[in-house]
């Protein structure tokens, strides 16, 4: 038996009629976020290449490109496939792609759009080159360097130059530049410490660029940075591309970052919410909603109840979210609906099939999360 997924809402209906749990976008806040970062990078030497792993939606990617983005980043070949088939013409797979099947898919995609990829290992360079020669594709490749994330990336300096030299000498590959992503810096809470971390990473990039130039290797693209450090990434003056992704939605974790005056970061607004219904009210101090672990990611902390600071979402199980009501006088009844700000927007998006776009408390659009589950 084939099951057909039910749409969570009807166009034009009031938000109160949206089924739950659902993934809502406040379209006005979302559009202000899009415009805000586009205006910041406009007139600087830095291009915006937003991360599509945040939204997994060609609809959103094309809106970013319409505002000046040069393309998008993806983490997986399957994500890149969805973006290209959805009309995106320039995708950086900002990750290492290993294994014959995935590499062949990558090169097939490179015949349809501009596709580039990252490497941090000599054996991977050889495998990409061999496959590119068979496919008759010249594949742009970026050497990823470790600027403090301690995840992927060859060490900066001479090790990075040696790998770049191998890429440049491979007939099936084009040395396109370097990737220098520093994810840890995005979530350092204090403003000045976040700036210091971003600048330390930029210094490693700068030293590596000097060595590449001495070796005669032109570095056209230097890509990295993110939502939590975008100001510092631009002011450091080494990046040519900014990979911010979460800025369009924000989440509770980013909301804990502090601004220069120790207030919360206010450059971008919360525009993504998980809509949930109160399904149980067993005591005056406790309620339960229908959004649990299968509706909201808690890897970066619990979601926050939007506009109700006296209510705490403090425990999640598979299909239940427990609320503690700190004000015993708070009215919250069965069937009431609340807006949850997810702790981490990216994995939360991957739990849903649809975005429900809301404007002035009515449903304006339904956008598929087209790359949901694209993890290969």
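So, residue 201, is that one under 30 Å from residue 61 (Cβ atoms) and either surrounded by 20 or more Cβ atoms within 10 Å (Cβ to Cβ) or free of Cβ contacts under 8 Å to residues at least 40 places away in the same chain (or both) or not? Give the steps one after another, and end with the answer.
On the way: under 30 Å from residue 61 (Cβ atoms): yes; either surrounded by 20 or more Cβ atoms within 10 Å (Cβ to Cβ) or free of Cβ contacts under 8 Å to residues at least 40 places away in the same chain (or both): yes.
For residue 201, the condition - under 30 Å from residue 61 (Cβ atoms) and either surrounded by 20 or more Cβ atoms within 10 Å (Cβ to Cβ) or free of Cβ contacts under 8 Å to residues at least 40 places away in the same chain (or both) - is met.
In the set 188, 178, which member is surrounded by 21 or more Cβ atoms within 10 Å (Cβ to Cβ), farther than 30 Å from residue 320 by Cα and not assigned by TED's automatic domain parsing to the domain that holds residue 326?
Working: 188 fails: surrounded by 21 or more Cβ atoms within 10 Å (Cβ to Cβ).
None of the others qualify; the one that does is 178.
Can you tell me which of (1) part of a helix (DSSP H, G or I); (2) touching a strand residue (DSSP E or B) at 6+ places or on another chain (Cβ under 8 Å); (3) crowded, with 18+ Cβ neighbours inside 10 Å is the one residue 255 doesn't meet?
Answer for residue 255: the failing condition is (3).
If residue 23 meets every condition in (1) in a helix (DSSP H, G or I); (2) touching a strand residue (DSSP E or B) at 6+ places or on another chain (Cβ under 9 Å) apart from one, which number is that one?
(1)
From (1) in contact (Cβ under 8 Å) with a residue 60 or more places away in the chain; (2) part of a loop (DSSP other than H, G, I, E, B); (3) in the same structural domain as residue 274 (by TED's automatic domain parsing), pick out the condition that doesn't hold for residue 338.
(2)
Only one of 281, 330, 372 is more than 19 Å from residue 18 (Cβ to Cβ) and either assigned to a strand (DSSP E or B) or out of contact with any strand residue (DSSP E or B) (no Cβ under 9 Å at 6 or more places or on another chain) (or both). Can you tell me which? Quick ask: steps written out before the conclusion?
On the way: 330 fails: either assigned to a strand (DSSP E or B) or out of contact with any strand residue (DSSP E or B) (no Cβ under 9 Å at 6 or more places or on another chain) (or both); 372 fails: more than 19 Å from residue 18 (Cβ to Cβ).
Going through 281, 330, 372 in turn, just one is more than 19 Å from residue 18 (Cβ to Cβ) and either assigned to a strand (DSSP E or B) or out of contact with any strand residue (DSSP E or B) (no Cβ under 9 Å at 6 or more places or on another chain) (or both): 281.
Which one of the conditions (1) in a loop (DSSP other than H, G, I, E, B); (2) modelled with pLDDT of 95 or more; (3) in contact with a strand residue (DSSP E or B) (Cβ under 9 Å, 6 or more places away or on another chain); (4) surrounded by fewer than 16 Cβ atoms within 10 Å (Cβ to Cβ) does residue 318 fail to meet, given that it meets all the rest?
The failed condition is (3).
Take the residues in the range 135-156 that are farther than 30 Å from residue 232 by Cα and touching a residue at least 24 places away in the same chain (Cβ under 8 Å); name whichever of them is nearest to the chain's Cα centre (by Cα). Talk me through it step by step, then tell me what you get.
Initial filter on the range 135-156 (farther than 30 Å from residue 232 by Cα): 135-139.
Retained after the next criterion (residues that are touching a residue at least 24 places away in the same chain (Cβ under 8 Å)): 135, 137-139.
Numbers: 135: 30, 137: 28, 138: 28, 139: 24 Å.
Ranking the qualifying residues of the range 135-156, first place goes to 139.
Taking residue 99 as the residue in question, decide whether it is out of contact with any helix residue (DSSP H, G or I) (no Cβ under 8 Å at 6 or more places or on another chain), within 17 Å of residue 217 (Cα to Cα), surrounded by fewer than 14 Cβ atoms within 10 Å (Cβ to Cβ) and assigned by TED's automatic domain parsing to the domain that holds residue 216. Don't jump to the end; show me each part of the working.
On the way: out of contact with any helix residue (DSSP H, G or I) (no Cβ under 8 Å at 6 or more places or on another chain): yes; within 17 Å of residue 217 (Cα to Cα): no; surrounded by fewer than 14 Cβ atoms within 10 Å (Cβ to Cβ): yes; assigned by TED's automatic domain parsing to the domain that holds residue 216: yes.
So residue 99 does not fit the description; no.
Restricting the search to the range 48-107, which residues are part of a loop (DSSP other than H, G, I, E, B), farther than 23 Å from residue 32 by Cβ and in contact (Cβ under 8 Å) with a residue 40 or more places away in the chain?
Listed by number, the residues that qualify are 76, 86.
Could you pull out the residue among 159, 171 that is part of a loop (DSSP other than H, G, I, E, B) and more than 21 Å from the chain's Cα centre (by Cα)? So that I can check it myself, show each step before the final result.
On the way: 159 fails: part of a loop (DSSP other than H, G, I, E, B).
Answer to the selection: 171.
Scanning the range 270-293 for residues that are in contact (Cβ under 8 Å) with a residue 60 or more places away in the chain and surrounded by fewer than 20 Cβ atoms within 10 Å (Cβ to Cβ), which turns out nearest to residue 343 (Cα to Cα)?
290
Mind listing whichever residues of the range 112-155 are part of a strand (DSSP E or B) and surrounded by fewer than 17 Cβ atoms within 10 Å (Cβ to Cβ)? Walk me through it before giving the result.
Narrowing the range 112-155 to residues part of a strand (DSSP E or B): 114-119, 139-145, 154.
Hit for the range 112-155 is 114, nothing else.
The values are calculated or read from the model by the stated rules, or taken from the named source; none is laboratory data. Small disclaimer: the values here were computed from a predicted structure and weren't measured. Cβ: placed from backbone, ideal geometry, glycine included. Neighbour counts: every protein chain shown.
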